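The values are calculated or read from the model by the stated rules, or taken from the named source; none is laboratory data. On a predicted model such as this, the values are computed, not experimentally measured, just so you know. Using ideal geometry, Cβ is built from the backbone for each residue, glycine included, and neighbour counts are taken over all protein chains shown. Calculation scope for accessible area: heavy atoms of the full protein, side chains included, ligands and nucleic acids excluded. Shrake-Rupley method; radii C 1.70, N 1.55, O 1.52, S 1.80 Å.
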Amino acid sequence: MFPLTDSLLIFTLLILVILIAPLVAARIRIPDVVLLLFAGTLLGPNGFGVLERDSAITLFGSVGLIYIMFLAGLEIDIHRFLSTRQRSAIFGILTFIIPQGLGTLAGRYILGLDWRASVLLASMFASHTLLAYPIASRLGIARNEAVSVTVSATILTDTLALLVLAVIADSARGVQLGMLFWIGIAVGMAALLVITWWGIPRLTRWFFLNVTEAGGAQFLFVLVTVCACAYLSHYAKMEPIVGAFLAGAAFNRLIPEHSSLMNRVEFVGNSLFIPFFLISVGMLVDPGVLMGSARTWLVSGTMVVAVVATKYLAAWTAAKWFGYGSDARQVIFGLSVVQAAATLAAVLIGYELQIFDEAVLNGTIIMIAVTCPLGAWMVDRYGRRLVQREPQPVMPTGVEQRMLVPVANPETATRLLDLAFLLRSPAPPGMIDAITVVPDQSDIEDAVVQGEQLMGHCLTQSSGAEVVVHASVRVDVNPSDGIIRAAKELRSTLVLCGWMGPPALGNRLFGSVMNNLLERCASRLLVCRLVQPLNTNSRLLILWPALGERRTDRRPLLREVKQLAIQLRTELRVYVAGQEPEDLRSRLTGAKAERPLTVITCSSLTEAHSRLMHDAENTDLILLLGERRGASLWTPTLDRLPEQLAARKPRNNLLVAYPALENEWEDTYSEVEDHELGSLLLHPTEISGSTSVEEALRQMTTQAFTGDAGRAAEVMRVLLVSATSFPAPLSDDVVLLHGHSELVQEPTVLVGKGEGRWELSGIPGTPNVLLALLSPRDLSPERHLGWLRYLARKFYSPSVSERIGRAETAAEICAILGESQLGETAGDS
């Protein structure tokens, strides 16, 4: 009857064990890892003989071992690893040298082995398998520094241990350990590093850009890549676990934590491959060995004591060195004491080459049987204490994250929901509402059915990521009204809108729907132009305008920026126009999951925009801070930025954040009122001939600063930069330029009207009126923005705009602009 031979029955039994073991383990309060190992022992050939450790079990077990190392590399915070690389290297060396040195002496002088066998035996103590890592991950301490240091050190200590195995094995086979041998190992490792750290990210970004996650194609690509890297480790004379770990680290930035792809990766590993590996290891344990000879007891006892003592000594030394507490020390010990992967490889190869006898082979099985449950118990027990001691993230009181995602087609729905998942606050979990608005027309039933199908697609997407999404279909006269009503009813704090494409005729920005939302939707808005998968982005670039720290949505915006950077594991680069806000760095960094942050301060928005455009690469995600028209921080320049950037960087993902209409998040500041602006000098110029913009500006500055050619030339340079970078159209006939100059003592407007029309890059139409606002260099940003608002608001009034359009001279335009100006106004000069 036993062992079972029917493959279907064997598979059914194994799946049943994998199902029941965690349930029973939770009841009796022991790690499920221990129960799976025990189940493998009972079912295996050395237990009741129900199952045979055949090629199928071995195959699944090998894949499970690779998967453990892959997940370990995948969950390493690369930036945290780089910031703690010194500690990781120190612990990696400690946990290798101490067991290797003391183990060699124990093998030589206690067990009486020769030096070659003693060195190989000690390498088994030096290596360790991250068998208890899934427990740490499940407890939520995977990103704790002590855990990160231990996991990162694994690759170093296992590589050194496997290098010892390769040298001893090749020496036993008669290979000459000359220069060519060492060159071959060095070249092989270098090639493996190049393939994983350079090749995988580029190949993966190309694949993710061209193939969606539909049908699990991206997951299969990840699995194939990991297995291929594990196989290529053989050419570097390393074990497959090294390649799998490096592949996981390479995928680190490409698989966001809260995504359907990550959910599939973890589910398949934790539910199938890793349990198979644990059962297969348990099958190696032979309880009958305990009834063996005295030498078996001596070898087994020596090996168990040696590995436990040396690994604890290494963990204790590292914890003292780094200033970790007792709980962190025990977790480090629990993670590093477990012997399985490299240990099995070493003992089997040593036994085949007759370096070890049967007593060492049996002692190895006993050592694995002792260290596996010991490590799992230590990590589970002291990891829970570590969680209790760690400060938990605190959400601001009174702030509940409620995101609304209006969608219109499946492609944009997928990417908008992916972004919502990444922005979703972890504690308390943010709420996500997905809606589609169908027009109230004659074929309403068909439209509702199509809307329900789209919502079904959204629910499928959310279930894949294990995130709850509330979906609904709404009927309204037009989409913008439906979205605005839904935001009010659902009390949404953030609305994620898809990019509406180029502006339609008569619409200044994203289209009529977006204009309506900007004017009437009270919630914060995030306009999203997502042209590639978010997990292909490597950096997050932010353009921070002058007075950006006074935005009413500053705090939630910076929290979401940090959350997005953490999820995508990207570098942060902030281009600040003006002085850097005091709390910008502190709000974008922190003790936990810190991201690399670079703040680049620029003298003006023009310079900041130019630096960003120069630095931006196709894999960068760009965030702009927009303002609603008429708001206290709005300027005409900000309206043009999204369109200009989208035109010049069509392959980049782009986000534009707008604050709420109502001050829902924090107190506003007292803005500069119109009556506080003071006087404004107006200089008219009648531009002769059909000249270029440069010649028009030359005539305007020369007329305004008669007799001072140097001053006129410097002011012209400032305005020419504005004309080529951020011209702001106020109407079809008028364009506004602005800048600061040390050569003016008070706010000045140059007004030029030409006989012909000018073409300026990035704006529609051909204006024939140039308005140029010049502010003194020391004028506060509030007052400069106040004058910009004053000029722009003139064109909100249809009567004023119409009169300016009918004006025949620059002097008439100056008169109109100065009519209602509060304060003493200088006239023509």
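Restricted to segment 154-237, the set of helices (runs of 4 or more DSSP H) holding at least 2 residues that are within 30 Å of residue 97 (Cβ to Cβ) comprises 179-194, 217-232.
Answer yes or no as to whether residue 724 is modelled with pLDDT under 80, assigned to a helix (DSSP H, G or I) and surrounded by fewer than 22 Cβ atoms within 10 Å (Cβ to Cβ). When the stated conditions are applied, residue 724 passes them. For residue 481, the stated conditions do not hold, so it cannot be described as closer than 26 Å to residue 406 by Cβ and either at pLDDT 90 or above or in contact with a strand residue (DSSP E or B) (Cβ under 7 Å, 6 or more places away or on another chain) (or both).
Filtering segment 435-461 to residues that are under 23 Å from the mean Cα position of the chain (by Cα) and modelled with pLDDT of 80 or more leaves only 458. Considering segment 1-14, and only residues there that are assigned to a helix (DSSP H, G or I) and open to solvent by less than 60 Å² (accessible area, probe 1.4 Å), the residue that is nearest to residue 377 (Cα to Cα) turns out to be 14.
Restricting to segment 23-41, what's the tally of residues that are free of Cβ contacts under 8 Å to residues at least 12 places away in the same chain and not basic (Lys, Arg)? Qualifying residue count for the region: 6.
Can you spot a residue in segment 580-594 that is touching a Cys at 6+ places or on another chain (Cβ under 9 Å) and either open to solvent by 10 Å² or more (accessible area, probe 1.4 Å) or not in a loop (DSSP other than H, G, I, E, B) (or both)? No, there is no match, as no residue in segment 580-594 is touching a Cys at 6+ places or on another chain (Cβ under 9 Å) and either open to solvent by 10 Å² or more (accessible area, probe 1.4 Å) or not in a loop (DSSP other than H, G, I, E, B) (or both). For segment 557-565, check the following and say yes or no: at least one residue is more than 24 Å from the chain's Cα centre (by Cα) and open to solvent by 10 Å² or more (accessible area, probe 1.4 Å). So far as segment 557-565 goes, no, none of its residues is more than 24 Å from the chain's Cα centre (by Cα) and open to solvent by 10 Å² or more (accessible area, probe 1.4 Å).
Per-residue answers, yes or no, for (1) in a helix (DSSP H, G or I); (2) more than 16 Å from residue 515 (Cα to Cα); (3) under 26 Å from the mean Cα position of the chain (by Cα):
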site	(1), (2), (3)
608	yes, yes, yes
614	yes, yes, yes
617	no, yes, yes
624	no, yes, yes
631	no, no, no
634	no, no, no
638	yes, no, no
654	no, yes, yes
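For segment 192-229, filtered to residues that are open to solvent by less than 30 Å² (accessible area, probe 1.4 Å) and over 16 Å from residue 259 (Cβ atoms), the residue that is nearest to the chain's Cα centre (by Cα) is 201.
The number of residues in segment 142-191 being farther than 23 Å from residue 73 by Cα and either open to solvent by less than 10 Å² (accessible area, probe 1.4 Å) or touching a Pro at 6+ places or on another chain (Cβ under 9 Å) (or both) comes to 1.
Of all the residues in segment 453-490, those that are part of a strand (DSSP E or B) and open to solvent by 50 Å² or more (accessible area, probe 1.4 Å) number 3.
For segment 557-578, the set of residues classified as within 30 Å of residue 777 (Cβ to Cβ) and either out of contact with any strand residue (DSSP E or B) (no Cβ under 7 Å at 6 or more places or on another chain) or at pLDDT below 85 (or both) consists of 558, 578, listed by residue number.
Part of a helix (DSSP H, G or I), of a type outside the set (Asp, Glu) and open to solvent by 20 Å² or more (accessible area, probe 1.4 Å), is that true of residue 573?
Spelling it out, it is not the case that residue 573 is part of a helix (DSSP H, G or I), of a type outside the set (Asp, Glu) and open to solvent by 20 Å² or more (accessible area, probe 1.4 Å).
Number of residues in segment 326-347 that are out of contact with any Leu (no Cβ under 8 Å at 6 or more places or on another chain) and either open to solvent by 30 Å² or more (accessible area, probe 1.4 Å) or among the aliphatic types (A, V, I, L, M) (or both): the value is 3.
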